[in-house]
1. Treat each spin label as a single point 7 Å out from the Cα along the C-beta direction, and report the residue 60 to residue 101 distance in nm.
2. Give the aspartates and glutamates reachable from residue 128 as a straight Cα distance under 16 Å; neighbours fewer than 8 places away on the same chain don't count.
3. May I ask you to list the aspartates and glutamates whose Cα is less than 18 Å away from that of residue 78, ignoring any residue fewer than eight positions away on the same chain?
4. With a 1.4 Å probe and all protein chains in place, put 86, 66, 78 in order of accessible area, largest first.
5. So, by mean Cβ neighbours within 10 angstrom, what's the order for 37-45, 9-17 with the highest one leading?
6. List the DSSP H helices in the chain whose Cα atoms stretch 27 Å or more along the helix axis and whose mean Kyte-Doolittle hydropathy is at least 1.6.
7. Averaged per residue, what accessible area in Å² does the chain show with a 1.4 Å probe, protein chains only?
8. Please list, or write none, the lysines whose alpha carbon is within less than 16 Å of the alpha carbon of residue 85, excluding same-chain residues fewer than 8 places away.
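The values are calculated or read from the model by the stated rules, or taken from the named source; none is laboratory data. Only a predicted model underlies this, so the values are computations on that prediction, with no experimental measurement involved. Note that we place each Cβ from the backbone using ideal geometry, even for glycine, and neighbour counts take in every protein chain shown. Ligands, DNA and RNA are stripped out before the accessible areas are found, and what is left, the full protein with its side chains, is counted by its heavy atoms. Shrake-Rupley method; radii C 1.70, N 1.55, O 1.52, S 1.80 Å.
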Amino acid sequence: MNEFVYIFLLSLLPTFEGRYAIVYGIAKGYPLWETLLTASLGVLLLSLTLPLFLPLIDVVMVTLEKTFLGKVAEMYLKYVQRVRKKAHPYVEKWGFYGLIIFVAVPLPGTGIWTGSLAAYIFGMGNRKTIPALILGGLLSMMITLIPSLGFRFLV
């Protein structure tokens with residue numbers, strides 16, 4: 001399989017996303033610009049699709065609540081509560097800019113997946129959410145790129 005397919009698939013995973021897909025590509029010695037482009041495509045795809053599909057997840061979870069998969073729905077609801085608590089100060093205080101900052105911080109639990117869920121929970125419209133996710137995701141990639149390049153030159 002093409003190495004850039006791996007980078008693209010990694011850039012779609014929750015908490016991993018484009019920021020750590022870049023680290024993977026650089027560590028494997030893949031060409032920098034192609035790695036950046038591939039990871040950026042993953043960020044773009046997530047930023048465009050997640051805000052559109054989140055309402056469907058709620059419909060599924062409500063349906064699952066009354067089935068034998070009620071535990072899955074319960075886990076989802078707990079995750080939603082944790083996201084509300086974690087992202088609320090950013091979204092409430094700064095809205096669009098807070099979402100950018102929240103997504104840009106390259107730590108597990110912050111990123112496009114969590115940011116899009118937070119924006120959905122707090123009722124940010126897609127016109128604000130999608131650009132904030134794209135900018136935050138790209139900023140996060142830049143933040144992780146700099147130390148990754150330093151690591152590359154040390155090895």
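1. Result: 3.3 nm between the two label points.
2. By straight Cα distance, residue 128 reaches 92.
3. Within reach: 58, 65.
4. Details: 86 95, 66 175, 78 130 Å².
Solvent-accessible surface, decreasing: 66, 78, 86.
5. Working: 37-45: 20.6, 9-17: 18.7.
Descending packing order for the listed peptides: 37-45, 9-17.
6. Working: long enough: 32-64 (44 Å, 1.86); 70-94 (35 Å, -0.92); 126-154 (42 Å, 1.10).
Answer set is 32-64.
7. Numbers: 9020 Å² over 155 residues.
It amounts to 58 Å² per residue over the chain.
8. Answer for residue 85, where 16 Å is the Cα cut-off: 93, listed by chain and number.
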